[in-house]
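The values are calculated or read from the model by the stated rules, or taken from the named source; none is laboratory data. Nothing here was measured: the structure is a model prediction, and the numbers come from that model. Because the Cβ atoms are built from the backbone with ideal geometry, glycine has one as well, and the counts that use them run over all protein chains shown.
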2 protein chains.
Amino acid sequence: MKGNLIVGQSGGPTAVVNVTLAGVVEAAMQSSSVGEILGMRHGVQGLLQEDLTDLRRQPAELWTRLKETPSAALGSSRMKVTDEDLGRIVEVLRAHDVRYFLYVGGEGSASVVHRLVRAARERRYELSAVAVPKTIDNDLAETDHCPGYPSVARWLAISVREAGLDSEAIGVVDTVKVIETMGRDAGWIAASTALARERAGEAPHLIYLPERAFDQERFLADVSRVHWERGHVVIAVSEGVKDARGQYLSASQRAVDRDPVGRPQLGGATQVLCDLAASQLGLKARFDKPGTIQRVSSAMASPVDRDEAYRVGTEAVRAAVDGRTDVMVSIVREPGPGYRSSTALVALTQVVGRTRTVPPEFIAGSGSDITEPFVQYLMPLLGGPLPSYARLASTPVPRKMS
Amino acid sequence: MKGNLIVGQSGGPTAVVNVTLAGVVEAAMQSSSVGEILGMRHGVQGLLQEDLTDLRRQPAELWTRLKETPSAALGSSRMKVTDEDLGRIVEVLRAHDVRYFLYVGGEGSASVVHRLVRAARERRYELSAVAVPKTIDNDLAETDHCPGYPSVARWLAISVREAGLDSEAIGVVDTVKVIETMGRDAGWIAASTALARERAGEAPHLIYLPERAFDQERFLADVSRVHWERGHVVIAVSEGVKDARGQYLSASQRAVDRDPVGRPQLGGATQVLCDLAASQLGLKARFDKPGTIQRVSSAMASPVDRDEAYRVGTEAVRAAVDGRTDVMVSIVREPGPGYRSSTALVALTQVVGRTRTVPPEFIAGSGSDITEPFVQYLMPLLGGPLPSYARLASTPVPRKMS
């Protein structure tokens, strides 16, 4: 089958999703089956409005530069796609003779691809539709990890290592520091802060994930203990942490705080924890909430992540022109010493509707830390050693005063 | 005069204050006037408790590694020093035969040095006491800029450039993004986010500094205008922004939120702005508050800042062994094309009790932006070009649907 190809980016931007776009376009340019290479502006939202861009007419040097440019160059979206929308999308694709549909995103995007396959069949329109994985949340099923996650993990490992040194220095004043990470339903991102530690006992001292119900009494006991042991406390918490009733810890309950698909706007967990430490323990607490900055740092992106983000793009094109449809490209970790990965194709029925949370073997029994197997899982994805920082040796001067 | 030297670090940690420490120690090791080289643990707080460390006995490789290690290796503090404390400090210095006193910090630390000079004189103890500048706030008088500031500025320029790309991509969903920077009394740090722009119109679109009273109506009009023009709005705001009555914009008014010298704990301005945008304009708003992470990034530190941070350390030793006292090392920008700096000594009476806020010629008439002269002032301090990111060219595809 010969036809045009279209690609879109969806969901939250990342440090490497433009690398995937470059991979898609460069592979499509190599393929004799692909005619036009079209881009959706702001994902299916632009597709519905026929807001398309001709990617063959971009300046040649763009694709090289884009491999070092974070965010999502086509523009992203996060819209609820109705069945009516799907019918219209098929007609837009037909009008532009698009036979290869590539959508880069997380589970929501995979779901759009899956439903589009059915809508195209119902309308007797031949289409190869492939989902390309991208989510810092790392919560897609059937893949070892998701492009975007290694880079946010590397950013957090380095930044929390540095912020931990900051607390060591000034913890006599700012005793408790809470660092809020992204991660709505899964704690992969918060867990990655554990790699900030060069040695046991270093920050973060406590890590709270959405996989374990937040217990206020236990939290206060944890903070008291670390404060007693170390004099200062660094806490990493996922924005998606919930209490035993399944309620998000959030200071804000306003109705306006909803995203377009109806999920509550997160981001209040840190304030709740700071308030608890201050009011119940009398400790001075402050928070760092790096927000969107954490997910789009090009300077600290993982080289492994860049490579794999490119490869899922090229493999998606290969799959589509081979006539594969209703599949997602996945990353497979090869066995053996040293880290190597390959790609595979998985059926979207295995991906849609599922969220891969952090498994129990990666979470410490205490519920406020991760395990060594998690470190072994994540470390190779960071693509090399983190900066190693120096501390003064203990060389005390004998006292001379009474 | 031959005697021992002591050095301490005070106030908030930075990316380069350990470079200053290395400069002090390496210069002291070269000086035939200096006997022991002592470090205060946690500044004057440790000095009062005679908690000192012998810096000559540190491993030789430490000083090289410390030049790449952020935070404050000696430990920092932020304590209110009483006259009684000063008397005790003189006695501790006497007991350890310390004749050279170097204190690295901001205005508060300079004030301690200034008062210590007087206390030593009253107690007939010969002492050369020198303040070494360090503050990300960049608000010390009588110096072109302060070590630490160029590095936080570089971190913010890069991170806001990246976060701006993020908003361009996903602004259709998350329309307003507020980025809170540090900076209590002066807006230098918030102003530095302007260097994120490669071209006019890029993020940040609005910048609010403590130097201008925050006007709610004007803010809402500004946000509406940018939203209408660009579809998304990126705002940088200093944590120290105040309203016309001089009150901090803060959601939290708890009494516990005070630092040891009685200043209110800041950090609520962003939530106030997000709530305004959401409730008054119906726009979805979120905030990034990088907090302490912004001030201790080694990976993004400015090479100019590193060089100068080292030099203020070596020059402080030189001044002290030359018998200078009650002075601060300052950075002087040399005239002429290209950036060059030298150091000078300024009397502490010119520094203590003063705060150098952003001058009117650096603030736009609108009150919500900076001027080109500010860009010219800051750009050379960043020590080289920032990463340049690519955007798609406009290559629209003709519509085919009705």
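Regarding A:Val351, is this residue surrounded by 21 or more Cβ atoms within 10 Å (Cβ to Cβ) and farther than 30 Å from A:Val234 by Cα?
Yes; evaluated as a whole, the condition is true for this residue.
Residues to consider are A:Arg56, A:Arg78, A:Arg41, A:Arg88; find the one that is modelled with pLDDT under 95 and touching a helix residue (DSSP H, G or I) at 6+ places or on another chain (Cβ under 9 Å).
Only one candidate qualifies: A:Arg78.
Scan region B:42-67 residue by residue and report those that are closer than 21 Å to B:Met300 by Cβ and within 7 Å of chain A (Cβ to nearest Cβ).
B:Arg65, B:Leu66
Only one residue in B:Ala22, B:Ala28 is assigned by TED's automatic domain parsing to the domain that holds B:Arg78 and under 20 Å from the mean Cα position of the chain (by Cα). Which one?
Answer to the check: B:Ala22.
Conditions: (1) assigned to a helix (DSSP H, G or I); (2) in contact with a strand residue (DSSP E or B) (Cβ under 7 Å, 6 or more places away or on another chain). B:Val375 meets all but one. Number of the miss?
(2)
Residue check: is B:Tyr310 at pLDDT 95 or above, within 14 Å of chain A (Cβ to nearest Cβ) and either in contact with a helix residue (DSSP H, G or I) (Cβ under 7 Å, 6 or more places away or on another chain) or part of a loop (DSSP other than H, G, I, E, B) (or both)?
Taking the combined requirement at face value, the residue does not satisfy it.
Which one of B:Ser192, B:Ser224 is within 17 Å of the chain's Cα centre (by Cα) and hydroxyl-bearing (Ser, Thr, Tyr)? Even if it seems obvious, please write down each step before you answer.
On the way: B:Ser224 fails: within 17 Å of the chain's Cα centre (by Cα).
The match here is B:Ser192.
So, in region A:134-189, exactly how many residues are among the basic types (Lys, Arg), closer than 21 Å to A:Thr371 by Cα and over 17 Å from the mean Cα position of the chain (by Cα)?
Summing the residues that are among the basic types (Lys, Arg), closer than 21 Å to A:Thr371 by Cα and over 17 Å from the mean Cα position of the chain (by Cα) in region A:134-189 gives 1.
Within region B:277-307, how many residues are more than 9 Å from every other protein chain (Cβ to nearest Cβ) and basic (Lys, Arg)?
Qualifying residue count for the region: 1.
If we scan region B:359-382, do we find a residue that is of a type outside the set (Val, Ile, Thr), within 14 Å of chain A (Cβ to nearest Cβ) and touching a residue at least 40 places away in the same chain (Cβ under 8 Å)?
The answer is yes; a qualifying residue exists.
Quickly run through region A:344-372 and pick out the residues that are assigned to a helix (DSSP H, G or I) and either among the charged types (D, E, K, R) or under 19 Å from the mean Cα position of the chain (by Cα) (or both).
A:Glu361, A:Phe362, A:Glu372
Conditions first: (1) crowded, with 22+ Cβ neighbours inside 10 Å; (2) closer than 19 Å to B:Leu86 by Cβ. B:Ala15 passes all but one, so which condition is the exception?
Result: B:Ala15 fails condition (2) only.
For region B:120-225, please list each of the strands (runs of 3 or more DSSP E) lying entirely inside it that holds at least 3 residues being more than 14 Å from chain A (Cβ to nearest Cβ) and either crowded, with 24+ Cβ neighbours inside 10 Å or out of contact with any Leu (no Cβ under 9 Å at 6 or more places or on another chain) (or both).
Those strands (runs of 3 or more DSSP E) span B:128-133, B:206-208.
Looking only at residues in region A:374-401 that are of a type in the set (S, T, N, Q) and under 15 Å from B:Gly46 (Cα atoms), which one is surrounded by the fewest Cβ atoms within 10 Å (Cβ to Cβ)?
A:Ser394
I'm trying to understand the selection: among the residues of region A:227-243, which are assigned to a loop (DSSP other than H, G, I, E, B) and under 26 Å from the mean Cα position of the chain (by Cα)?
First, the residues of region A:227-243 that are assigned to a loop (DSSP other than H, G, I, E, B): A:231-232, A:239-241.
Listed by number, the residues that qualify are A:Glu239, A:Gly240, A:Val241.
Quick check: is even one residue across region B:179-187 over 30 Å from B:Tyr103 (Cα atoms) and not assigned by TED's automatic domain parsing to the domain that holds B:Ala319?
Yes, there is a match, as at least one residue in region B:179-187 is over 30 Å from B:Tyr103 (Cα atoms) and not assigned by TED's automatic domain parsing to the domain that holds B:Ala319.
Kindly establish whether B:Thr64 is within 16 Å of A:Ala390 (Cα to Cα) and part of a helix (DSSP H, G or I).
So B:Thr64 fits the description; yes.
Does B:Val104 qualify as being out of contact with any Asp or Glu (no Cβ under 8 Å at 6 or more places or on another chain) and closer than 30 Å to B:Glu211 by Cα?
yes
Results for (1) buried (at least 22 other Cβ atoms within 10 Å of the Cβ); (2) facing another protein chain (nearest Cβ under 9 Å); (3) part of a helix (DSSP H, G or I), shown as yes or no for each residue.
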residue: A:Val7; (1), (2), (3): yes, no, no
residue: A:Glu26; (1), (2), (3): no, no, yes
residue: A:Ser71; (1), (2), (3): yes, yes, no
residue: A:Ser77; (1), (2), (3): yes, yes, no
residue: A:Leu86; (1), (2), (3): no, no, yes
residue: A:Leu93; (1), (2), (3): yes, no, yes
residue: A:Phe101; (1), (2), (3): yes, no, no
residue: A:Ala110; (1), (2), (3): yes, no, yes
residue: A:Arg118; (1), (2), (3): no, no, yes
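Just a yes or no: is a residue in region A:141-153 in contact with a Lys or Arg (Cβ under 9 Å, 6 or more places away or on another chain) and more than 30 Å from A:Val312 (Cα to Cα)?
no
So which residues in region B:322-343 are surrounded by 15 or more Cβ atoms within 10 Å (Cβ to Cβ) and part of a strand (DSSP E or B), if there are any at all?
Scanning region B:322-343 gives B:Val327, B:Met328, B:Val329, B:Ser330, B:Ile331, B:Arg333, B:Ser341, B:Thr343.
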